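K.L.:
The structure's right below; bear with me while I get my questions together.
Each value in this text was obtained by applying a stated rule to the coordinates, not by laboratory testing. Just so it is clear, the model here is predicted, and its values are computed rather than measured. A quick note on method: Cβ atoms are made from the backbone with ideal geometry, for glycine too, and the neighbour counts reach across all protein chains shown.
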Amino acid sequence: MATLAVDGVEIYYEDHGRGEPLLLVHGAAASGQWFGDLVPQLAREYRVIVPDLRGLGRSQRVAPLTRPQVWVEDLWRLLDELELDRVHVAGVSLGSRIAGRLVLDNASRVRTLTVDAPIVGLSSAGNASLNTVFSAVDSGSAQAQEWQTLHGDDWRDAIDFYAKTRSTTEFQDYFTLRPHLADVGVPTLVCRGDLDDSIHPVDDAFIWHKQAPNTQLFIAPGLTQSSVMLERTEQFVAEFAAFQARCSLAAVS
């Protein structure tokens, strides 16, 4: 557990295990704690870097972002600080959008990309659903309890920060990846559960798989919610290992 000061803002991160470095990017209004048991499982084979995005989790609270690319810049600064030139990157939900942006920004530093419950561009239905989630929060609800676990006692400040940040046109434009998928050329594993929802449509996984070159698609069966990382952790670890083995074989063939 450590922090890195970026332009006066403390960014929290954890560094687990040894091996090739793997950067895990959490989803919307979440933190690195969301990954739970996935981190120690991956740390058996990889050096797993798990940051909390600026303004969220255990990172410093800040005003709503006026430049959405700040999150991407923070992650590059963290990797620079750790002297990691090339990494595997895996992101879930919002994290898939950030991970895609990392590749578009500097593909030479990304060994492989994994996107779980990917979002290529938020639909009007998905946007309306998220607006409801972040605007009306019952302090006694299961969602509020989860957010308190992920962010601490000031979780309302973190959620308000995210709600205001995501509401801007600049944010949604920057993180709409669909027009840029053809340029995401690093080896990519696209993961998704088989139950559809408006925020993470199953179609988005197929769109990423079809439009980005060099992708492999895994749809977890058996009434699995959007995130394979969360709903089928052991299955995700096995599929991730198989994906990496296929990438290594392709690199030497």
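K.L.:
Identify, from the list VAL228, VAL237, the residue that is aliphatic (A, V, I, L, M), buried (at least 17 other Cβ atoms within 10 Å of the Cβ) and out of contact with any Leu (no Cβ under 8 Å at 6 or more places or on another chain).
P.N.:
VAL228
K.L.:
Which of the residues belonging to the stretch 159-185 are surrounded by fewer than 16 Cβ atoms within 10 Å (Cβ to Cβ) and among the charged types (D, E, K, R)?
P.N.:
Correct list: LYS164, GLU170, ASP173, ARG178, ASP183.
K.L.:
Still on this model: When you look at THR215, is it within 18 Å of the chain's Cα centre (by Cα) and among the hydroxyl-bearing types (Ser, Thr, Tyr), yes or no?
P.N.:
In short, yes.
K.L.:
Report yes if VAL120 is in contact with a Leu (Cβ under 6 Å, 6 or more places away or on another chain) and either surrounded by fewer than 24 Cβ atoms within 10 Å (Cβ to Cβ) or not aromatic (Phe, Trp, Tyr) (or both), otherwise no.
P.N.:
yes
K.L.:
Mind checking which pairs have a first residue in the stretch 19-40 that is free of Cβ contacts under 8 Å to residues at least 60 places away in the same chain and a second that is assigned to a loop (DSSP other than H, G, I, E, B) and surrounded by fewer than 24 Cβ atoms within 10 Å (Cβ to Cβ), Cβ under 7 Å, 6 or more apart or different chains?
P.N.:
From residues that are free of Cβ contacts under 8 Å to residues at least 60 places away in the same chain, the pairs are GLY19/GLU45.
K.L.:
Taking LEU79 as the residue in question, decide whether it is touching an Asp or Glu at 6+ places or on another chain (Cβ under 9 Å) and either surrounded by fewer than 20 Cβ atoms within 10 Å (Cβ to Cβ) or hydrophobic (A, V, I, L, M, F, W, C) (or both).
P.N.:
yes
K.L.:
Filtering the stretch 134-158 down to residues that are part of a helix (DSSP H, G or I) and free of Cβ contacts under 8 Å to residues at least 24 places away in the same chain, which residue is surrounded by the fewest Cβ atoms within 10 Å (Cβ to Cβ)?
P.N.:
Among those residues, the one meeting the criterion is ALA142.
K.L.:
For the stretch 202-250, enumerate the residues that are closer than 26 Å to SER123 by Cα, in contact with a helix residue (DSSP H, G or I) (Cβ under 9 Å, 6 or more places away or on another chain) and of a type in the set (Phe, Trp, Tyr).
P.N.:
Within the stretch 202-250, TRP208, PHE218 qualify.
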